[in-house]
1. Springs between alpha-carbon pairs under 10 angstrom, Gaussian network model over the chain: which of H227, H150, H243 fluctuates most?
2. Taking R0 as 51 Å, what's the FRET efficiency between H231 and T17 from their Cβ-Cβ distance, rounded to 0.05?
3. Nearest 5 percent is fine: what portion of the DSSP beta bridges confined to the chain is antiparallel?
4. What ³J(HN,Hα) values, in whole Hz, does the Karplus curve 6.51 cos²θ - 1.76 cosθ + 1.60 give for region 259-267 when θ = phi - 60°, with x put for Gly and Pro?
5. How high is the FRET efficiency from M1 to E284, r the C-beta distance, R0 30 Å, rounded to 0.05?
6. Order these by the 10 Å Cβ neighbour count, fewest first: K72, K49.
7. Using only DSSP helix segments of four residues or longer, with each worth -39500 (n - 2.57), what per-residue ellipticity at 222 nm results for the chain after dividing by its residue count and rounding to 500?
8. Hey, can you rank 26-39, 111-124, 254-267, 55-68 by average C-beta count inside 10 Å, highest first?
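Every number in this text was worked out from the coordinates using simple rules, so none of it is lab data. The structure presented is a predicted model; accordingly, all values stated were derived computationally and were not measured. Cβ sites come from the backbone with ideal geometry, for glycine too, and all protein chains shown count toward neighbours.
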Amino acid sequence: MRTLMGQDIAHAASLLTAGQLVAIPTETVYGLAGNALDGRAVAEIFSVKNRPSFNPLIVHGHSAAQLAPYVKTWPTMAQTLADAFWPGPLTLLLSKTDLIPDLVTAGNERVAIRVPNHPFTLSLLRQLAFPVAAPSANPFNYISPTSAQHVHQQLAGKLPYILDGGPTQVGLESTIVGWEAGQLLVYRVGGLSLEDIASVAGTPTLANQPTSSPSTSGMLKRHYSPHTRIHLSHVADWPMHSHGKIATLTFQSPPAYPAERHFLLSPAGDLAEAAQHLFALLREIDALGFDLILAEPVPDMGLGRAINDRLRRASA
Ligand code: TXA
Ligand code: MG
């Protein structure tokens, strides 16, 4: 199959309507989209990604109103969060109705829903008669794509079209929240900070950390990984002598360490900028054939929490 890249929203809409897959830009990362109500399209998503079917997919719509028929109950707090942050990098886990195929949720009783914030994709979603299921458009276990080129490098030949909306603005996957016994839980830290959530919904609790065996959230400990080995700790705890070709990855300034190259996430010391560049930088380093990446956590606040989470998973 030939994979074209472009900005033709009408073409993307007609492919999706015909049951085919299209990679779509969002503010977080690119998604691999298919009709969420069409079991065959959903099965094709799992197969293109090489993703195990126990790992469920997020359903994307253009508005909370469009998504309403797919959830049974809409708690007041969900409405408050949706009003405050949609379109945006927030995913809500809510009880699903029968309209959502079980394959989408991997048999879970809840479905993950979100309204992404990208003008092309919002326009596309408004042209469709259905919401789309979309995981990040990377092969299972690799870093999420933050540009159309990233998608093309890894999935060319496996889907007909990539809607090119430029590099993504946020750069980290959405924050996933849900409720258990009335308590607000965060299942994945991401592009919306806990501080932002707390400002409208009170301080949320972090759900149990992911394990190597898939649990209710379907999230895995080792994930988002480049091929190059990563060691993550404070510079003072880095190994004194490392053999081979070493790269360092730090937040704002280069460390005093004898490495072949130093990579910085944000020379200006801006966590949002660091988040925006993280995945592209990891891909770049991965392509340069280093033996080891020595990485230091960024300040653990705001988007820094999600950056550290991704670095931890990449180094697991
Ligand atoms: O920013 C994002 O969320 C991107 C863009 C494309 O929207 N999507 C994304 O999808 O990161 P994915 O599939 O790579 O990650 C979604 C995560 C998975 O860890 C999955 O286990 C969890 O959401 N998830 C999805 N549906 C779920 C459900 N019904 N119950 C529990 N966890 C769910
Ligand atoms: Mg993913």
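1. H243
2. The value I calculate is 0.60.
3. 40
4. Coupling constants for region 259-267: 10, 5, 8, 10, 10, 10, 6, 7, x Hz.
5. About 0.60, to the nearest 0.05.
6. Working: K72 13, K49 23.
In increasing order of surrounding Cβ atoms, one gets K72, K49.
7. -8000 deg cm²/dmol
8. Highest mean packing first, the order is 26-39, 111-124, 55-68, 254-267.
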